[in-house]
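The block underneath contains the structure these notes are about, expressed in structure tokens.
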Amino acid sequence: MEQNNEMSAQQSLQIITETFNKSRKGILRNSAKYFLLWGALLTAISLVIYLLWNLTGKPQWNFLWFAMPAIGYPLAALMGKYDVAVPQNEVSKMLTGVWRVFGVFAITLSVVAICLVPMNVSLIIVIILGLAECMSGVLLKNWPIIICGFLLGVCGAVVAMLVNSEAQLLIFTLGGVLLLVTGAIMKLQNK
Amino acid sequence: MFPKLDPLLHSELRLAVMSLLAGVDEADFTYLKKQTGATSGNLSVQIDKLTAAGYITVEKGFKGKMPRTTCQITPAGQEAFRGYVNALQEYLSSGK
């Protein structure tokens, strides 16, 4: 882009519109990789726990859930370190906020359930996972993500009440796949 | 050239920089360079002009061991940018 002081009004508006759109798309494309990271982790860890639990019959494999933040947060930080310094806009900041709040709730409730008050953590986490996914869809103005988040939260909660603990893990596998799909949609929409 | 338009913003590269900064909290020099496709020298000159006008602030620091220059739009810059866009819209709607 070179200096040009003889622009028409249309050219000026075109520069503003194009720059805004290009920047917005780049920021959302960058956010998509975090959905892909957490989606892949959730899918992999839920499947590993499901398989190990079924093979050994030991529910203690559920402690592997704590590997998710232990692996995910350093990996996310590493990915951010090598970013081409992509800034944050209002949407990407709100998306980060929604998923941080989800992470805090999920980890705190899991610790409380293990140490203080036993509860159906799967039921609660699947509801807040669906809620966070649904809110992401609202922020991204994307109906498929809104509907998938709603279905995950509501149907996941119903299924979590009906099936045994091992089978509940597969709801989280589905949640992981949903995050992967969200990331892929964000990448495709912002090419 | 339209009389009502801010001459500082009525330049392709400076307008692109202001458009980029208007939608984000702050942006790196490397990001601005990549998005505008401008050369480092040209971009530096235009950033200096915007800084001198009080439209943006520039902060030099480090990200790890790498030097990092961060630009941020000021409230005066936001106001000037809004005024520029409004003037453009007025001009276009008047059918001149």
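Structure above, values below:
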quantity	calculated
Percentage relative contact order, chain B, counting C-alpha pairs under 8 Å, at least six apart	31 percent
Sum of -39500 (n - 2.57) over DSSP H runs of 4+, divided by residues of the protein assembly as shown (222 nm, nearest 500)	-24500 deg cm²/dmol
In degrees, nearest ten, helix B:12-22 long axis to first principal axis of chain B (Cα)	70 degrees
Chain A, dipole about Cα centre (Lys/Arg Cβ +1, Asp/Glu Cβ -1), debye to the nearest 20	120 debye
Helix A:67-81 axis, angle to chain A major axis (alpha carbon atoms, nearest 10°)	10 degrees
Residues A:Ile71 and B:Gln78, FRET efficiency given R0 of 45 Å [Cβ-Cβ distance, rounded to 0.05]	0.65
Linear extension gain, A:Tyr82 paired with A:Arg100, 0.36 nm per residue minus alpha-carbon span	4.4 nm
Accessible surface of chain A [probe 1.4 Å, protein heavy atoms]: carbon and sulfur percent	73 percent
Inter-centroid distance (Cα atoms) of segment A:76-118 relative to segment B:52-87, Å	28 Å
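The values are calculated or read from the model by the stated rules, or taken from the named source; none is laboratory data. Remember, it's a predicted structure, so these values are computed and weren't measured experimentally. Here Cβ is always computed from backbone atoms with ideal geometry, including for glycine, and neighbour counts include all displayed protein chains. When the accessible area is computed, the model is the full protein with side chains, heavy atoms only, and any ligands, DNA or RNA have been set aside. Shrake-Rupley method; radii C 1.70, N 1.55, O 1.52, S 1.80 Å.
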